Amino acid sequence: MKVLVIGSGGREHAITWKLAQSDLCEEIYVAPGNAGTANEPKTKNIDLKAEDLEGLLDFAKAKEIDLSIVGPEAPLVMGLVDLFEENNLLCLGPNKLAAQMEGSKIFMKDVLNKGNIPTADHKVFSDAVTAREFLEICEIPIVLKADGLAGGKGVIVAFSREEAFEALNSLMVEQKLGSAGDNLVVEEFLKGEEASFIVLCDGKNVIPLASSQDHKQRDDGDKGPNTGGMGAYSPTPLITNELNDEIMNKIIKPTLAELKNRGIEYKGFLYAGLMIEENEIKVLEYNCRFGDPETQPILMRMRSDFLQLCLKASKTELKNEIIEWDDRYALGVVMASKGYPEKYDTGFKISGISEENESTKVFHCGTKNKAGEILTDGGRVLCVTGLGKSLENAFQSTYELTSKISWNGAFYRKDIGKRNK
Ligand code: AMP
Ligand code: GLY
C-alpha cells in the first residue's frame, strides 16, 4: 500500500515510524515531514504544507495513494477529509463537521451538555462588555477559552480577577488570536489530575488506545507557561481498568452517540483531555486528532499492525478488533529550544542523536536536514522516547539518551512521569 501522512511534528514521525513496520506498507509519503520522517524506511518527504488541501489532493491522485492519515487539526477543521472523500480517496480523520469537536469550543461544550457528559460549567460570550460584567462577579480562578482554533494559545487559566480582565482584553478586544476570539467560553476552574484518553473510531465502532499523561507546563514541577506538551508517558496509573470502562461508557460512547444524533459519524482519532479528582471524571477538552507528544509513547507500546488498524478504521471495519500492547511503560521527553513557547531561534546543529538502541527512539518534532546535518527547525525539536519494565526504568533509559543529545539552547523537563509519585 501507498500511504500519505499529513503533518510535520513528533506525532507524524511516530505515525510514520510505526506504519513503516507494517508488511502491508510499500511506500510512505509525508507532507511536509521533517528530518526524522525522511530517514525512516520506505519513506519520502514531499514539499507540501498540511494546509495545502488542493496540493495534497492532486498529489494523492497522481501517486494513487491508498490511504491518507492526517496528523494535525488545522487541515481536518478546513475539510481535508471531505475533499478526499468527494474524490473517492480513503482518508483517516474526522470530516469538517466532526472536527468541530476541536474547531469550536462552543460546539464541543454543547455536545457535552446535550449528551449529559460531565464537564466544567460554562457560559458563552460574544461581546466583551457582558463578558467583563460576568468576570467582575465570578469565582476565581476562572478559565477563559477562545472558541476557535488557536494553536494551543487559546486557553487562559486566570488566578486573579486582573488576569481574567487581561485575558479578556487580549482575546476579545485586542483580538490577539484573530477571529478565534470572536466568541469566548468562560468556564469553571476544575481541580485534579489530567489524563489523556485517545480512542480510534470508524464511524460506527470505537476502540480505546492505551492511556497516557501529558505535561503541559514548560518547567519542572508544572511551573511556567503552557506549551504544546513537554513530555508524556503511557500507561498512566491514574486510569485503572475500572476507570477505563467508566470513561468509555460515561464519556466516549455518549459523546459519539450525541454526535450521531446530529448526523455526524466520527471517524479517526478522538482525544479526550480529562480531569480526574477522587474518581470523578470531567472532560476538559476534546481534540479531533492523536495527541502530541502522547502519540510517541503510545505508538512505542503498540504491538498491533498500525497500518492495518488505520485501514480498518477508515473502512468502518473495527468491530471486534483488539489492539495488542507491549506491557512495558513508555516515556517521551520533549527537547525544546531556548525561548519556546514564545520566540526561539532555529538552525542549530544537533549532536548525539544517533545513540538510540532497541528500547529507545528519537522522534523528531522540528528538524531539517541540511547537507547531511540535522538542524533545529522549531520550538519543540525532538521527543526522546524509551521503554522500560517500570515507569522508573523507562525514565532512566529515556533520560540517559536525552542527556547525550545537545544543541545551542536545548532544554527539557527533568521530571516527566514523576507527577504521580
Ligand atoms: P485545553 O486546550 O482546553 O486543554 O486547555 C489547556 C490546559 O488548560 C488544560 O490542559 C488544562 O491544564 C487547563 N484547563 C483547561 N480547562 C480547564 C478547567 N476548566 N479547569 C482547570 N484547568 C483547565
Ligand atoms: N498533548 C496535547 C495535545 O496534543 O493537544
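Straightening the chain between residue 2 and residue 179 buys 60.0 nm, computed as 0.36 nm per residue apart minus the Cα-Cα spacing.
Computed from backbone phi with θ = phi - 60° and the Karplus coefficients 6.51, -1.76 and 1.60, the 3J(HN,Hα) list for region 311-321 is 5, 4, 4, 6, 9, 6, 10, 7, 3, 6, 6 Hz; x is used for glycine and proline.
Given the options 229, 152, 378, state which has the largest fluctuation in a GNM of the chain using a 10 Å cut-off (strictly under) for Cα springs. Taking springs between Cα atoms under 10 Å, the residue moving most is 152.
Please label the shape of the chain as rounded, prolate or oblate, based on the square roots a ≥ b ≥ c of the eigenvalues of the alpha-carbon gyration tensor (a/c under 1.5 means rounded; beyond that, a/b larger than b/c means prolate, else oblate). Here the chain falls in the rounded category. Rg ratio for region 1-145: its Cα radius of gyration over 2.2 N^0.38 Å, N being its residue count, equals 1.35. Counting only protein heavy atoms and a 1.4 Å probe, region 56-166 has 45 square angstrom of accessible area per residue. Result for the chain in a Gaussian network model with C-alpha springs under 10 Å: among 218, 301, 161, the largest mean-square fluctuation is at 161. What the phi angles of region 241-248 give under the Karplus curve with 6.51, -1.76 and 1.60, with θ = phi - 60°, is a coupling list of 4, 5, 5, 4, 5, 5, 5, 4 Hz, glycine and proline written as x. Across region 296-305, coupling constants 3J(HN,Hα) worked out from phi with the 6.51/-1.76/1.60 Karplus curve, θ = phi - 60°, read 5, x, 5, 6, 4, 8, 7, 9, 5, 6 Hz, and Gly and Pro carry x. Taking 7 Å steps out from each Cα toward its Cβ at residue 204 and residue 389 produces label points 4.4 nm apart. Of the trypsin sites (Lys or Arg not before Pro) found in region 25-95, the ones in coil according to DSSP and having at most 15 other Cβ atoms within 10 Å of their Cβ are 49, 63. With semi-axes defined as the square roots of five times the eigenvalues of the C-alpha gyration tensor, the equivalent ellipsoid of region 41-109 measures 23, 13, 10 Å, largest first. Residues whose amide H lies under 5 Å from that of residue 28, counting only those 5 or more places away or on a different chain, are 3, 43, 44; hydrogens are built 1.01 Å from N in the peptide plane. The Cα atoms of region 249-298 give a gyration tensor whose axes a ≥ b ≥ c have a/c of 1.5 or more with a/b no greater than b/c, which makes the shape oblate. Each peptide in 401-411, 346-356, 5-15 was scored by the mean count of other Cβ atoms within 10 Å over its residues; highest first, the order is 5-15, 401-411, 346-356.
Packing here is the average count of other Cβ atoms within 10 Å per residue, and on that basis the peptides 207-213, 85-91, highest first, run 207-213, 85-91. For the chain, the fraction of 1.4 Å probe accessible surface lying on carbon and sulfur atoms is 45 percent. Taking 0.36 nm per residue of sequence separation and removing the Cα-Cα distance, the residue 24/residue 139 pair yields an extension gain of 35.9 nm.
Between residue 370 and residue 217, the simple label model (points 7 Å from Cα in the Cβ direction) yields a spacing of 3.5 nm. Amide H contacts of residue 381 (H built 1.01 Å from N, in plane; Pro and chain starts excluded): 335, 336, 337, 366 sit under 5 Å, all sequence-distant by 5 or more or on other chains.
Comparing 332, 93, 228 in a Gaussian network model of the chain where C-alpha atoms under 10 Å apart are linked, the largest mean-square fluctuation is found at 228. According to the square roots a ≥ b ≥ c of the eigenvalues of the Cα gyration tensor, what is the shape class of region 144-237, taking rounded for a/c under 1.5, prolate for a/b larger than b/c otherwise, and oblate for the remainder? Here region 144-237 falls in the oblate category. For residue 285, the residues 5 or more places off, or on other chains, whose built amide H falls under 5 Å of its own are 273. Take 127-134, 175-182 and order them by the average number of nearby Cβ atoms within 10 Å per residue, most first; the result is 175-182, 127-134.
The values are calculated or read from the model by the stated rules, or taken from the named source; none is laboratory data. Nothing here was measured: the structure is a model prediction, and the numbers come from that model. Cβ coordinates were reconstructed from backbone atoms using ideal geometry, including for glycine residues, and neighbour counts include every protein chain displayed. Ligands, DNA and RNA are excluded from the accessible area calculation, which covers all protein heavy atoms including side chains. Shrake-Rupley method; radii C 1.70, N 1.55, O 1.52, S 1.80 Å.
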